[in-house]
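The values are calculated or read from the model by the stated rules, or taken from the named source; none is laboratory data. No experiment lies behind these values; they were computed from the predicted model shown. Note: ideal-geometry Cβ built from the backbone for every residue, glycine included; neighbour counts use all protein chains shown.
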Amino acid sequence: NAGVMQNPRHLVRRRGQEARLRCSPMKGHSHVYWYRQLPEEGLKFMVYLQKENIIDESGMPKERFSAEFPKEGPSILRIQQVVRGDSAAYFCASSPYGDSSYEQYFGPGTRLTVT
Amino acid sequence: LAKTTQPISMDSYEGQEVNITCSHNNIATNDYITWYQQFPSQGPRFIIQGYKTKVTNEVASLFIPADRKSSTLSLPRVSLSDTAVYYCLVGGTTGANNLFFGTGTRLTVIP
């Protein structure tokens, strides 16, 4: 059973470009979470999705950021018009259940660098 | 979500037992206590979870006193490969879907 997969692992974008980060959850998992980690800091929750539904986006910046988890295919975190402050590691996690008492399985992350 | 407080860093020699304590004074009745481990350039990995008393698995032990306002992760006989950041989290209350990561404890194992 493959783990959570994220791609690309590294992404470089110039200011103003768009960044698309992909996450394929573990087989059988229908709950996906996105987190952002700045250097030397802990992970910060961004958004929680189930198939075709955004359940909680309380950690997502109001502008330029969006997320989706379509019926078919990976979950996508999209950042429009990137700025230098968006440079960070973005982690995706999946779980078979939507309660935070259950283990979340994390992917290897996508490291976004904005130049 | 309950906030946690843990030491920023710890050093230990190989072969020693390491205990990392986490404070969570505002833990809710339904909250579980979970520890994750993160190596550089990797996503966090679940280590252990408990609700009260003691939990042990093949990797670690988790000690939780009766008042549940703190917990201690115990790593027996650490090796160099245990050098990582360890996060203590509390959660599980109905409706709380995400995990709250603090800054964690950076454990450095010295040869």
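Of all residues in the range B:100-111, those satisfying the criterion of being within 14 Å of the chain's Cα centre (by Cα) and either small (Gly, Ala, Ser) or modelled with pLDDT of 95 or more (or both) are B:GLY102, B:GLY104, B:THR105, B:ARG106, B:LEU107. One residue stands out in the range B:85-99 among those that are under 17 Å from B:ARG45 (Cβ atoms) and more than 7 Å from every other protein chain (Cβ to nearest Cβ): the one that is modelled with the lowest pLDDT, namely B:LEU89.
Return the pairs, sorted by first residue and then second, in which the second residue is among the hydroxyl-bearing types (Ser, Thr, Tyr) and exposed (fewer than 12 other Cβ atoms within 10 Å of the Cβ), the first residue lies in the range B:2-29 and is farther than 17 Å from B:ILE110 by Cβ, the beta carbons are less than 6 Å apart, and the residues are 6+ apart or on different chains. Listed pairs, sorted by first residue: none to list. Does at least one position in the range A:75-88 carry a residue that is surrounded by 14 or more Cβ atoms within 10 Å (Cβ to Cβ), away from chain B (no Cβ under 11 Å) and under 15 Å from B:GLN42 (Cα atoms)? Yes - at least one qualifying residue is present in the range A:75-88. Of the strands (runs of 3 or more DSSP E) lying entirely inside the range A:28-115, the ones with 2 or more residues being small (Gly, Ala, Ser) are found at A:65-68, A:88-95.
Only residues that are away from chain A (no Cβ under 14 Å) and of a type in the set (Ser, Thr, Tyr) were counted across the range B:11-42, and they come to 4.
Residue count for the range B:24-67 satisfying the condition of being outside any strand (DSSP E or B) and either among the aromatic types (Phe, Trp, Tyr) or crowded, with 19+ Cβ neighbours inside 10 Å (or both): 8. Please go through the range A:14-43 and give me each residue that is touching a Phe, Trp or Tyr at 6+ places or on another chain (Cβ under 6 Å) and of a type outside the set (Phe, Trp, Tyr), ordered by number. Residues satisfying the conditions are A:LEU21, A:MET26, A:VAL32, A:ARG36, A:GLY42, A:LEU43. Among the residues of the range B:5-34, those that are under 13 Å from B:SER71 (Cα atoms) and either touching a Phe, Trp or Tyr at 6+ places or on another chain (Cβ under 6 Å) or aliphatic (A, V, I, L, M) (or both) comprise B:ILE20, B:ILE27, B:TYR32, B:ILE33.
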